[in-house]
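The numbers here are math on the coordinates, done by the rules we state, and not lab data. Every value quoted in this text rests on a predicted model; they were computed, and no experiment measured them. Note that each Cβ is placed from the backbone with ideal geometry, even for glycine, and that neighbours are counted across all protein chains shown.
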Amino acid sequence: MTLRSDQRGVALFLTVLVMGTVAVAVLIGLTQQSVNAIVDARNAIDALHARETAFGCLDEAMIQLVGDGSWSSASVTLPDSICTVTLAIGSTIDVLVTATSGKVTRGVKANITLDPFTINDVQEALSL
């Protein structure tokens with residue numbers, strides 16, 4: 001007489017194990033995709049905020065230059081961003097404004113004439 005163990009249910013157990021593993025893998029993939037979407041959205045918000053800050057600092061720099069033509073570069077620390085204004089003074093004034101919000105830095109370049117006050121060119125700085 002040979003003893004034989006009961007093998008019933010092994011196929012069902014293996015099927016459930018494989019399906020469970022696949023389900024966990026799919027859920028991990030979806031979770032990772034959601035986390036990446038949240039990070040991308042946060043970076044987009046930071047980029048928009050840095051751009052707004054850069055243009056706001058450019059406006060402030062122009063106001064300062066109209067009031068005092070010898071005004072020099074400045075750095076402004078706001079609660080959630082940092083703004084730096086750099087001037088290159090010649091026959092016209094080249095203004096470079098960079099603003100950092102989170103991990104994103106955006107910049108704006110402008111060329112202005114003081115007398116009479118004229119904005120010759122404004123564009124986003126592609127390389128800082």
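Data overview
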item	result
Ellipticity estimate at 222 nm from DSSP helix runs (n ≥ 4, -39,500 (n - 2.57)) divided over the chain, nearest 500	-17000 deg cm²/dmol
Gaussian network model of the chain, Cα within-10 Å springs - most flexible of V18, V104, V35	V18
Cβ-Cβ FRET estimate between F117 and S73, R0 fixed at 30 Å, reported to 0.05	0.95
Test item: Cα-centred dipole of the chain, Lys/Arg +1 and Asp/Glu -1 on Cβ, debye	1020 debye
Cubic angstrom per residue, convex hull over Cα atoms of the chain	141 Å³
Most mobile of G56, G20, G90 in a GNM of the chain (Cα contacts under 10 Å)	G20
Gained length - L30 relative to A47, 0.36 nm times residue gap less alpha-carbon distance	3.6 nm
Relative contact order for the chain, counting Cα pairs under 8 Å that sit 6 or more residues apart, in percent	18 percent
Dipole-positive endmost among A23, I112, S73 within the chain (Cβ charges, Cα centre)	A23
Helix 10-67 vs. the chain, principal-axis angle (Cα, 0 to 90°, nearest 10)	10 degrees
Trypsin sites (Lys or Arg not before Pro) restricted to segment 8-89 and DSSP loop, no more than 16 other C-beta within 10 Å	R8
Radius ratio Rg over Rh of segment 1-53, counting only Cα atoms, Kirkwood formula for Rh	1.58
Residue (of Q32, L87, T100) at the positive-pole extreme of the chain, dipole from beta-carbon charges	Q32
